[in-house]
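A short write-up of the structure that comes next.
The values are calculated or read from the model by the stated rules, or taken from the named source; none is laboratory data. Computed from a prediction, not measured in an experiment: that's the story for all the values here. Note that each Cβ is placed from the backbone with ideal geometry, even for glycine, and that neighbours are counted across all protein chains shown.
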Amino acid sequence: MDPLSQLRALHLPPEPGWWPLAPGWWLISIATVLLMVSGFIALYRHRKKNTWRRAALSELNRIKQHSNSTAQDSIIRCALLLKRVALAIDSRSHVAALGGQQWLAYLDQVTQTDQYTKGAGQLLTQAQYQPADVLDASVTDSELNALYALVERTVKRSPYLRRKANRV
């Protein structure tokens, strides 16, 4: 008789299971969860910090869409919106006291433009002192749209303004 025929068939060991996980997979899982949690926290903080910016842009859109309001009313509402934005990015004691050309110079300084003192931003101070009918007749739609665009750029660039305003 052949001694090889008496041997039993080869039995392979069972396939390794996926559970319990190896220590490396536990570390990767924990790191992934921590990254996701920190990402959600950062997103929440970013959205919370920028709530006022979204509200300001929404208010600006409402000002633009008020077709039945006069140009003077729209300009005054833009001026008030800019004052609220400035109060959000700078100290109340510094911003609240500004008016007229000082206010426009402050806006130019923090936005690093001259569009408030030499451009469309001049409408902000003119609207307070002219009668509504005279102002409405002298302000064109393109000037008003230029003011809206300037205010929108100012609100959108506000993170930069926060850093600059503290140095002003």
Worksheet item: Is it true that some residue in the range 36-54 is free of Cβ contacts under 8 Å to residues at least 24 places away in the same chain, surrounded by 15 or more Cβ atoms within 10 Å (Cβ to Cβ) and assigned to a helix (DSSP H, G or I)?
Response: no
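Does the range 90-105 contain any residue that is aromatic (F, W, Y) and surrounded by fewer than 18 Cβ atoms within 10 Å (Cβ to Cβ)?
Pass one, the range 90-105, residues aromatic (F, W, Y): 103.
Next, from what is left, pick out any that are surrounded by fewer than 18 Cβ atoms within 10 Å (Cβ to Cβ): none.
No, the conditions are met nowhere in the range 90-105.
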Worksheet item: Residue check, R8 against (1) without any contact (Cβ under 8 Å) to a residue 12 or more places away in the chain; (2) not in a loop (DSSP other than H, G, I, E, B), all met but one. Which one?
Response: (2)
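Would you check if there is a residue in the range 123-137 being under 22 Å from the mean Cα position of the chain (by Cα) and either loosely packed, with under 15 Cβ neighbours inside 10 Å or farther than 19 Å from T51 by Cβ (or both)?
No, the range 123-137 has no match at all.
Right, W26: surrounded by 10 or more Cβ atoms within 10 Å (Cβ to Cβ) and without any contact (Cβ under 8 Å) to a residue 12 or more places away in the chain or not? Even if it seems obvious, please write down each step before you answer.
Working: surrounded by 10 or more Cβ atoms within 10 Å (Cβ to Cβ): yes; without any contact (Cβ under 8 Å) to a residue 12 or more places away in the chain: yes.
It is true that W26 is surrounded by 10 or more Cβ atoms within 10 Å (Cβ to Cβ) and without any contact (Cβ under 8 Å) to a residue 12 or more places away in the chain.
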Fill in: Residues of the range 74-88 that turn out to be at pLDDT below 85 and either crowded, with 21+ Cβ neighbours inside 10 Å or over 18 Å from K49 (Cβ atoms) (or both), as a count
0
